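Have a look at this one.
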């Protein structure tokens, strides 16, 4: 379905889909927009994103890169949110603003990288299908200071894999991480998870920016539990694949796949 949004731009189904996805992803770069909206070329993606920005459906701003260049980022505008009937969540950055360093942006883009992989890349396990991904804007339950980076469900042949996602870029202290582990353990036994998500068990998948960080997180977690948590790095995800045997448990050095271990 297409339509005019009042600015002279013909809004296509792909545009609406991208706007709805931004309500989940909060901010995207061009490559993520290509994966989500199915743009076949970089030129086509650049032209459409620019047109949507000029029409007021997207808010475009920039982030400096290590090489001194600028990278365009896109957030949902109030007009874009209204067009597709979603909440206008995302970074409150000015149109055209250039950001020197922004932890929220960097972190959210890494979360989105996993989102695109889980939802849009093929799952190399016959009979397995993607069910849903949820984003969170408030704690999982009252009195529990825990807001995961994401949650997804996929359905392999045997039983559903339900997993929270934690992206770790090395900014949290060990004490903060231990508190987060304890919060997940409390959520696992409180009964709220089964009530809210309709699943019996969950995993917490931790993806960090270095092997050194993984070693630290696993050691801190192992002091509290051997359950729930699975660890890997972004390098391993990009090199071998999210569903490959790249995951480690707190006290087990073996590398395991997510689905075969169900």
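Just so you know, all these numbers are worked out from the coordinates, no wet-lab data involved. Computed from a predicted model, the values in this text were never measured in an experiment. For neighbour counting, all protein chains shown are included, and Cβ atoms are generated from backbone atoms with ideal geometry for every residue, glycine included.
Mind sorting 213, 14, 158 by how few other Cβ atoms lie within 10 Å of their own Cβ, fewest first?
Working: 213 17, 14 14, 158 11.
Lowest to highest Cβ neighbour count: 158, 14, 213.
Tell me the label-point distance for the pair residue 185, residue 138, using the 7 Å Cα-to-Cβ offset, in nm and rounded to one decimal.
2.8 nm
So the label point goes 7 Å from the Cα of residue 10 along Cα→C-beta, right? Which residues of the stretch 23-38 then have their backbone N under 20 Å from it?
37-38
Shifting gears a bit: Using only Cα atoms, tell me the angle between helix 211-222 and the longest principal axis of the chain; keep it within 0 to 90° and round to the nearest 10.
The answer is roughly 50 degrees.
Enter the angle in degrees (range 0 to 90, nearest 10) between the Cα long axis of helix 103-120 and the first principal axis of the Cα atoms of the chain, meaning the one along which they spread out most.
Between the helix axis and the principal axis of the chain, the angle is about 80 degrees.
Calculate the FRET efficiency for residue 82 and residue 256 from the Cβ-Cβ distance with a Förster distance of 30 Å, rounded to the nearest 0.05. Walk me through the intermediate numbers first.
Working: r = 45 Å, r/R0 = 1.50.
The value I calculate is 0.10.
Listed highest first by mean packing, meaning other Cβ atoms within 10 Å per residue, what order do 141-149, 223-231 come in?
With the highest mean Cβ count within 10 Å placed first, the list reads 223-231, 141-149.
Could you work out the Kirkwood radius for the stretch 84-198, taking every pair of different alpha carbons, averaging 1/r and inverting it, reported in Å?
16.6 Å
Counting helices only, and only those DSSP H runs with n ≥ 4, report the 222 nm mean residue ellipticity of the chain as the sum of -39,500 (n - 2.57) divided by its residues, in deg cm²/dmol to the nearest 500.
Values: 9 runs with 101 residues, N = 262.
Helix contribution divided over all residues of the chain: -11500 deg cm²/dmol.
If R0 is 35 Å, what FRET efficiency do you get for residue 215 and residue 125 from their C-beta distance, rounded to 0.05?
So, using R0 = 35 Å, E works out to roughly 0.75.
Can you give the Rg/Rh ratio of the chain, where Rg is from the C-alpha atoms and Rh is the Kirkwood radius? Could you put the intermediate results ahead of the total?
Details: Rg = 19.4 Å, Rh = 19.8 Å.
With Rg and the Kirkwood Rh in hand, the quotient comes to 0.98.
A follow-up question, please. If a/c stays under 1.5 just call it rounded; otherwise compare a/b with b/c (prolate if a/b is bigger, oblate if not). Do that for the stretch 144-262, with a ≥ b ≥ c from the square roots of the Cα gyration tensor eigenvalues.
oblate
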